[in-house]
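Here is the structure we will look at.
The values are calculated or read from the model by the stated rules, or taken from the named source; none is laboratory data. Please read all numbers here as calculations on a predicted model, not as lab measurements. No Cβ is skipped: glycine too gets one built from the backbone with ideal geometry, and neighbour counts run over all protein chains shown. What goes into the accessible areas is simple: the full protein's heavy atoms, side chains included, and nothing from ligands, DNA or RNA. Shrake-Rupley method; radii C 1.70, N 1.55, O 1.52, S 1.80 Å.
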Amino acid sequence: MSLRIRFAITLTLLLLTLCCVAFVARSTVETWQQFRQQNAWAHSGDVRAIGPWMTIPYIAHTYHVPETYLYSQLQLPASPTLHHTTLHLLAMRYHRPVAHFVSQVQGVVIKYRKQHSLRLPASTRKEPRGRSII
Amino acid sequence: MSAFLPYLITWMQQYGYPALWLIIFVAAIGVPLPVSFMLLAAGAFSALGDFNVFLVGVIALTASVSGDQIGYLLGRSIGTRLLTWLEQPRRFNPISQRTLQHAHTYFTKRGGLAIFLSRSVVSALGGTINLLSGAEVYPYHRFLVYDISGELCAAIIPLALGYIFGASWEAVGNILGMVSLLILSLLVAAYLSYRLIRMLQRMPVTKIASLQGEKKRPSLRDMKESTDSLPL
């Protein structure tokens with residue numbers, strides 16, 4: 001293969017790679033913004049940060065809601081086997097859509113906060129949604 | 001994110017450290033499993049006291065290094081035979097002997113960096129590099145040193161980030177994945193730029209040499225015709 005053809009192929013590959021770099025860089029910035037938003041939610045105790053990977057004890061600890069309250073509101077038995085089960089698997093076990101089950105858990109946390117008028121820390125309460133505090 | 005992840009996290013939660021060890025070990029052999037996300041999740045759960053973060057670190061390191069050794073041994077036992085078969089002269093060779101020799105020399109020279117980066121930056125290539133290291137009979141003690149140092153970075157970084165950021169570990173995992181992809185694409189771009197510069201430097205010299213060759217050297221066709229015309 002002549003040098004000129006090799007040069008043309010390498011140049012084409014470089015241009016394609018630079019396009020990939022631009023695309024990946026843009027996606028990285030978007031991912032960074034998503035991270036900032038999620039981190040802000042997690043720090044302010046926003047229920048939107050609740051994910052399908054969380055277990056009931058994890059939610060209870062993070063959102064300051066008693067485990068027994070969560071189990072009773074979700075109509076689940078408070079057995080030790082469910083202690084280490086994620087919301088994703090709980091939803092599948094009880095034949096409920098995962099997204100619906102997660103939103104149900106979010107609703108239970110909000111309901112508990114309304115009933116007990118939980119006060120969030122002042123520094124995070126004033127923080128607008130989507131803005132990082134780090 | 002992998003569809004397996006919720007199941008893997010549940011197994012990790014239900015069966016604890018042995019499940020975590022097994023998942024990381026299988027992934028290190030070459031099965032594509034989201035180990036970084038698992039470690040981020042383990043870090044997040046450790047922050048609440050479900051796991052001991054130091055024990056998780058030890059488990060991650062031992063499991064991944066053990067899995068890498070299996071990959072290396074597989075490459076050494078099967079890969080060497082494949083390379084020997086490829087090097088044998090035959091009518092049609094999928095890869096030329098020159099290319100194989102060039103690859104061997106290159107891996108002997110830069111293999112350490114490849115082993116380290118395939119653990120710490122581009123973990124998707126880890127399984128392939130293990131097989132290649134074994135097939136190229138890369139010195140075992142050097143492989144072990146680069147492997148342990150790379151896996152140490154690969155274990156500590158996600159564990160620490162999961163521990164620090166807790167509930168946001170999914171977003172952190174996505175960032176790690178994107179940054180890894182960005183570094184890989186930048187490395188490829190840098191390599192291609194280097195090749196282009198080298199070609200540009202060589203271009204005038206080669207052009208002159210080829211022009212001289214056209215005048216002085218007879219072509220293969222001319223040589224064949226001249227040998228055919230020789231009296232037997």
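Overview of values
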item	result
For the range A:1-44, the spread of Cα positions along each principal axis, largest first, Å	63, 10, 6
Solvent-accessible area buried by pairing A with B, both sides, nearest 100 square angstrom, 1.4 angstrom probe	3400
The protein assembly as shown: calculated mean residue ellipticity at 222 nm from DSSP helix runs of at least 4, using -39500 (n - 2.57)	-25500 deg cm²/dmol
Average accessible surface area per residue within chain A, 1.4 Å rolling probe, Å²	58
Dipole of the protein assembly as shown, positive end: most advanced residue of B:G49, A:W53, A:S27 [Cβ charges, Cα centre]	A:S27
Magnitude of the charge dipole, the protein assembly as shown, Cβ model with Lys/Arg +1 and Asp/Glu -1, debye to 20	1160
Most mobile of A:Q106, A:Q115, A:Q33 in a GNM of chain A (Cα contacts under 10 Å)	A:Q115
Of the DSSP H helices in chain B, those whose Cα atoms cover at least 30 Å axially and whose Kyte score averages -1.0 or more	B:53-74, B:97-120, B:140-165, B:169-216
Exercise: per-residue mean of other protein chain Cβ atoms within 10 Å, B:11-19	2
In Hz, Karplus ³J(HN,Hα) per residue of the range A:88-97 (6.51, -1.76, 1.60; θ = phi - 60°; x = Gly, Pro)	4, 6, 4, 4, 5, 5, 9, 6, 10, x
Scattering curve values for chain B, log₁₀ I(q)/I(0), Debye with Cα scatterers, q = 0.08 Å⁻¹	-0.45
Globularity index of chain A, i.e. its alpha-carbon radius of gyration over 2.2 N^0.38 Å	1.62
Once the Cα gyration tensor of the protein assembly as shown is diagonalised, semi-axes √(5λ) in Å	56, 25, 16
Euclidean distance of C-alpha centroids, the range B:60-133 and the range A:43-86, integer Å	46
Apportionment of accessible area to carbon and sulfur, the protein assembly as shown, percent (1.4 Å)	66
Quotient of C-alpha Rg and 2.2 N^0.38 Å, computed over the range B:78-122	1.41
Peptide A:75-84 - average C-beta neighbours from other chains (10 Å radius)	1
Given charges at beta-carbon only (K, R positive; D, E negative), |dipole| of chain B in Debye	1320
Inter-chain shielding of B:171-177 (mean C-beta neighbours from other protein chains, 10 Å cut-off)	5
Mean Cβ count within 10 Å, highest first, over the residues of peptides B:12-22, A:71-81	B:12-22, A:71-81
Relative contact order of the range A:45-119, pairs being alpha-carbon contacts under 8 Å that are 6 or more residues apart, as %	37
Rounded to whole Å, sorted largest first: equivalent-ellipsoid semi-axes of the range B:102-192, Cα gyration tensor	27, 16, 9
